[in-house]
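Student: Have a look at this one.
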Amino acid sequence: MTDTAPPAARTETGDDLRRLILDHTRRLLVTGGYDGLSMRKIARGVGCSATSIYLHFEGKDALTHALIDEGMRRLYAELAAQAEDRPARRLDALCRAYVRFGLANPEYYQVMFQLHPERMARYPPEDYRRARRNVELFGEALADGAAAGALRLVSPPDVAAMALWTALHGLVSLLLAERVDARVAGDAFIDAAVRQALAAFEVR
């Protein structure tokens, strides 16, 4: 993928320019990584000056943080929309919504969870707290399920939620990387993987 933008994009200003900057930065991060990102590359691709970018973002760290935060907000919207009353069903719906989001938004997912820059400014605490809401939704479903006797926990809900997230993250990451045998990868495989992850919480 090249770092150029359509000619029509070069005339945008204000909020439109900010959107173009974020979208192009996301693509550059996915194709070239954090270390290969520069304000000049972004400006050249969007069709604006580097100075124009600095009017919206302090630098590439701020840009990267903004993309992570945007992805986390989008993920939260998807997860929070799962309104099952029964905790076990809600947990199942959360798991499937998480996987759907990751597979439908591979660029965001990579920026959110798979960048490994050697040097990047600390992620803002308020953004981190907002990102944690995603895992907290799983923890709430687990706690509610345990209280109702519908789910079994062998660790505190927050720990159990993180353990469940690691299983879902592994599933999404392997599928996005196409590291799952093509003969089994598909909806049936995803269903089996989610069921297997949830089996640890079944009441026996």
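Student: Which of the residues spanning segment 152-177 are assigned to a loop (DSSP other than H, G, I, E, B) and touching a helix residue (DSSP H, G or I) at 6+ places or on another chain (Cβ under 9 Å)?
Tutor: Arg152, Leu153, Val154, Ser155, Pro156
Student: For the list (1) closer than 17 Å to Arg89 by Cα; (2) open to solvent by 40 Å² or more (accessible area, probe 1.4 Å); (3) of a type outside the set (A, V, I, L, M), I need the number of the one condition that Phe138 fails.
Tutor: Unmet for Phe138, out of (1) closer than 17 Å to Arg89 by Cα; (2) open to solvent by 40 Å² or more (accessible area, probe 1.4 Å); (3) of a type outside the set (A, V, I, L, M): (2).
Student: Given the criteria closer than 30 Å to Thr31 by Cα, open to solvent by less than 50 Å² (accessible area, probe 1.4 Å), hydroxyl-bearing (Ser, Thr, Tyr) and modelled with pLDDT of 95 or more, does Ser173 qualify?
Tutor: Judged against the criteria, Ser173 is a match.
Student: Pick from Ala104, Ala93: which is open to solvent by 60 Å² or more (accessible area, probe 1.4 Å), modelled with pLDDT of 95 or more and of a type in the set (Gly, Ala, Ser)?
Tutor: Matching residue, one of Ala104, Ala93: Ala104.
Student: Pick from segment 1-29 the residues that are of a type in the set (D, E, K, R) and at pLDDT 70 or above: which of them is nearest to the chain's Cα centre (by Cα)?
Tutor: Arg26
Student: Which numbered condition in (1) under 16 Å from Arg86 (Cβ atoms); (2) in a helix (DSSP H, G or I) is the only one that Gly149 fails?
Tutor: (2)
Student: Looking for whichever is under 21 Å from Asp69 (Cα atoms), of a type outside the set (A, V, I, L, M) and touching a residue at least 60 places away in the same chain (Cβ under 8 Å) here; the options are Glu136, Glu118. Which one fits?
Tutor: Result of the check over Glu136, Glu118: Glu118.
Student: Looking at segment 55-62, can you tell me whether even one residue there is open to solvent by 20 Å² or more (accessible area, probe 1.4 Å), modelled with pLDDT of 95 or more and in contact with a Leu (Cβ under 6 Å, 6 or more places away or on another chain)?
Tutor: Checked against the condition, which is being open to solvent by 20 Å² or more (accessible area, probe 1.4 Å), modelled with pLDDT of 95 or more and in contact with a Leu (Cβ under 6 Å, 6 or more places away or on another chain), segment 55-62 yields no hits at all.
Student: Somewhere in segment 23-40, is a residue farther than 30 Å from Leu153 by Cα and aromatic (Phe, Trp, Tyr)?
Tutor: Looking for residues that are farther than 30 Å from Leu153 by Cα and aromatic (Phe, Trp, Tyr), one finds at least one in segment 23-40, hence yes.
Student: Right, here's the next one. For Met120, are the conditions met, namely being in a loop (DSSP other than H, G, I, E, B) and either open to solvent by less than 40 Å² (accessible area, probe 1.4 Å) or hydrophobic (A, V, I, L, M, F, W, C) (or both)?
Tutor: It is true that Met120 is in a loop (DSSP other than H, G, I, E, B) and either open to solvent by less than 40 Å² (accessible area, probe 1.4 Å) or hydrophobic (A, V, I, L, M, F, W, C) (or both).
Student: Now a separate question. Name the residue, out of Gly102, Gly139, that is farther than 17 Å from Arg195 by Cβ and touching a His at 6+ places or on another chain (Cβ under 9 Å).
Tutor: Only one candidate passes the filter, namely Gly102.
Student: Another one. Answer yes or no: is there a residue in segment 139-155 that is under 17 Å from the mean Cα position of the chain (by Cα) and of a type in the set (Lys, Arg).
Tutor: Scanning segment 139-155 turns up no residue that is under 17 Å from the mean Cα position of the chain (by Cα) and of a type in the set (Lys, Arg).
The values are calculated or read from the model by the stated rules, or taken from the named source; none is laboratory data. Not measured: the values here are computed from a predicted model. Cβ coordinates were reconstructed from backbone atoms using ideal geometry, including for glycine residues, and neighbour counts include every protein chain displayed. With ligands, DNA and RNA removed, areas are computed over all heavy atoms of the protein, side chains included. Shrake-Rupley method; radii C 1.70, N 1.55, O 1.52, S 1.80 Å.
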